[in-house]
Amino acid sequence: MAAPLELSCWGGGWGLPSVHSESLVVMAYAKFSGAPLKVNVIDNTWRGSRGDVPILTTDNNIVSQPAKILNFLRKQKYNADYELSAKQGADTLAYIALLEEKLLPAVLHTFWVESDNYFTVTKPWFASRIPFPLNLILPGRMSRGALNRILLTRGEPPLYHVQEVEAQIYRDAKECLNLLSNRLGTSQFFFGDTPSTLDAYVFGFLAPLYKVRFPKVQLQEHLKQLSNLCRFCDDILNSYFRLSLGGISPAGQETIDANLQKLTQLVNKESNLIEKMDDNLRQSPQLPPRKLPTLKLTPAEENNSLQRLSP
């Protein structure tokens, strides 16, 4: 009997099984390859590490990072690429590298760096799935990690700061989306009628960008103009995740959005309160520690004390 496969990942919203791109890549590949994953959604009772999500756990292995997880699944005979030719396999690697270089920085920026999106959508959503008081700390740490990742890959001379690279990031992302749209054409998937690793990566990167409701939608608006990529995401959601999602009515989605807005206000109030307390502590005058007065005894009192102590 094969060892059970358990995937720990961020959960879903807005009609998605996960709003986290890397978690979604693994979930989609598992559906395409038939891997029997048991999905453990991270919530505010989760006690494991959140920095390496998604995490695949078996009896003898713990694997993180999408590329390593997919390689592990292939070794377990769950291969979504067995019908691909050698050229298609090489194209897969090239397109994945293109996605990570050209599209991923813009996705990270949209979720974690763009101020309006971060404070109204990303931060409240993730904070609601992290226990207090870590929910006041970890979203900010994740935001800084995304910014560092952007600057590490794109902050080359003379573009050192995110303000300087932002225009280039979105320009590259739009070119990448156009290229993907031209490559997909009218096909159901990128290599014909059967989904593969490339389809899992494209779906994982595009679906959150397509479905999550952001106040700032620069890249989202461009994606929605490419109807074949939107149809690609919708087809995968309907064909492979419909049962797990159970369907959400428009009224139900409005309720979710209203609850998210309330949570946004609550989390921002808590964060502002802690920042004010921290500022007050820093600005309050710091008095030097007081020294206790030394008690001096008269000669008669010293003699009486010694007499009481002597046997």
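The values are calculated or read from the model by the stated rules, or taken from the named source; none is laboratory data. Since the model is a prediction, treat every value here as computed from it, not as a measurement. No Cβ is skipped: glycine too gets one built from the backbone with ideal geometry, and neighbour counts run over all protein chains shown. Keep in mind that these areas ignore ligands, DNA and RNA; they rest on the heavy atoms of the full protein, side chains included. Shrake-Rupley method; radii C 1.70, N 1.55, O 1.52, S 1.80 Å.
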Practice prompt. Take Asn71 and decide whether it is out of contact with any Ser or Thr (no Cβ under 7 Å at 6 or more places or on another chain), polar (S, T, N, Q), closer than 26 Å to Leu5 by Cβ and in a helix (DSSP H, G or I).
Written response: yes
Worksheet item: From the set of residues in the stretch 197-220 that are open to solvent by less than 10 Å² (accessible area, probe 1.4 Å) and touching a strand residue (DSSP E or B) at 6+ places or on another chain (Cβ under 7 Å), which is nearest to Ala94 (Cα to Cα)?
Response: Asp199
Worksheet entry | Set Gly247, Gly192: member being more than 27 Å from Gln88 (Cβ to Cβ) and at pLDDT below 95 | Gly247
Item to complete: Six or more apart or on different chains, Cβ under 6 Å: which pairs go from a residue in the stretch 228-242 that's touching a residue at least 60 places away in the same chain (Cβ under 8 Å) to one that's assigned to a helix (DSSP H, G or I) and open to solvent by 10 Å² or more (accessible area, probe 1.4 Å)? Could you list them?
Response: Tyr240/Lys31
Discussion item. For the stretch 74-90, which positions are among the hydrophobic types (A, V, I, L, M, F, W, C), part of a loop (DSSP other than H, G, I, E, B) and either surrounded by fewer than 20 Cβ atoms within 10 Å (Cβ to Cβ) or in contact with a strand residue (DSSP E or B) (Cβ under 6 Å, 6 or more places away or on another chain) (or both)?
Written reply: Leu84
Practice prompt. For Leu198, work out the one condition from (1) part of a loop (DSSP other than H, G, I, E, B); (2) among the hydrophobic types (A, V, I, L, M, F, W, C); (3) modelled with pLDDT of 95 or more it doesn't fulfil.
Written response: (1)
Worksheet item: Would it be correct to say that Leu93 is at negative phi, at pLDDT 95 or above and either open to solvent by 80 Å² or more (accessible area, probe 1.4 Å) or part of a loop (DSSP other than H, G, I, E, B) (or both)?
Response: yes
Worksheet item: Could you give every pair whose Cβ atoms fall below 8 Å, whose first residue belongs to the stretch 29-42 and is surrounded by 15 or more Cβ atoms within 10 Å (Cβ to Cβ), and whose second residue is aromatic (Phe, Trp, Tyr) and in a helix (DSSP H, G or I), counting only separations of at least 6 or pairs across chains?
Response: Lys31/Tyr240; Phe32/Tyr240; Ala35/Tyr29
